[in-house]
1. What's the number of the condition residue 5 fails, among (1) modelled with pLDDT of 95 or more; (2) away from the ligand (no atom under 14 Å from the Cβ)?
2. It is to be established whether one or more residues within the range 31-43 are within 16 Å of the ligand (Cβ to nearest atom), surrounded by 17 or more Cβ atoms within 10 Å (Cβ to Cβ) and in contact (Cβ under 8 Å) with a residue 12 or more places away in the chain.
3. When you check residue 57 against the structure, is it surrounded by fewer than 16 Cβ atoms within 10 Å (Cβ to Cβ) and either outside any helix (DSSP H, G or I) or away from the ligand (no atom under 16 Å from the Cβ) (or both), yes or no?
4. Only one residue in 10, 25, 18 is more than 16 Å from the ligand (Cβ to nearest atom) and either free of Cβ contacts under 8 Å to residues at least 40 places away in the same chain or in a helix (DSSP H, G or I) (or both), so which one is that?
Ligand SMILES: [Fe+2]
């Protein structure tokens, strides 16, 4: 593979990375939804699955504008984060504690994506390709909202957990 020599090369790499990450998540999020005990948490994952599918489509649109292929790269970072999520799902025991573990994994997913979108946005702003920044910012906003939602659910779960023994 050719070395990256320009900001545009870097941006294309980031788009491919995000595309791979989002595609992997369309397969991983249903498992997280299924493993969640709390109804609000399950709904948060189910809702975010729909958003994630939209984010895949948005990245395809970005790739079209940039006249590049969206596929062709594997995001090994997200692969690792998803592997950790699978480990969190395997933990047995108290439902609330398991949910909090899943939220920790989900929060890592969102932060990883937020970092990717922020990077891609700053690169896209530099090369001034019309439409790309807007599309990427839409997905960034969804990721930030998803992360905030997970944090709120975690707070609610912990407030319940503190009334139980061992908290
Ligand atoms: Fe996403």
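The values are calculated or read from the model by the stated rules, or taken from the named source; none is laboratory data. The model shown is predicted, which means the values in this text are computed figures rather than measured ones. We place every Cβ from the backbone using ideal geometry, glycine too, and count neighbours over all the protein chains shown.
1. Only one criterion is unmet by residue 5, namely (1).
2. Going residue by residue through the range 31-43, those that are within 16 Å of the ligand (Cβ to nearest atom) are 31-33.
Now drop any that are not surrounded by 17 or more Cβ atoms within 10 Å (Cβ to Cβ), which leaves 32-33.
Remaining after also requiring in contact (Cβ under 8 Å) with a residue 12 or more places away in the chain: 32-33.
Yes, the range 31-43 contains a residue that is within 16 Å of the ligand (Cβ to nearest atom), surrounded by 17 or more Cβ atoms within 10 Å (Cβ to Cβ) and in contact (Cβ under 8 Å) with a residue 12 or more places away in the chain.
3. Details: surrounded by fewer than 16 Cβ atoms within 10 Å (Cβ to Cβ): yes; either outside any helix (DSSP H, G or I) or away from the ligand (no atom under 16 Å from the Cβ) (or both): no.
Against the criterion (surrounded by fewer than 16 Cβ atoms within 10 Å (Cβ to Cβ) and either outside any helix (DSSP H, G or I) or away from the ligand (no atom under 16 Å from the Cβ) (or both)), residue 57 does not qualify.
4. Details: 25 fails: more than 16 Å from the ligand (Cβ to nearest atom); 18 fails: more than 16 Å from the ligand (Cβ to nearest atom).
Criteria check complete, one pass: 10.
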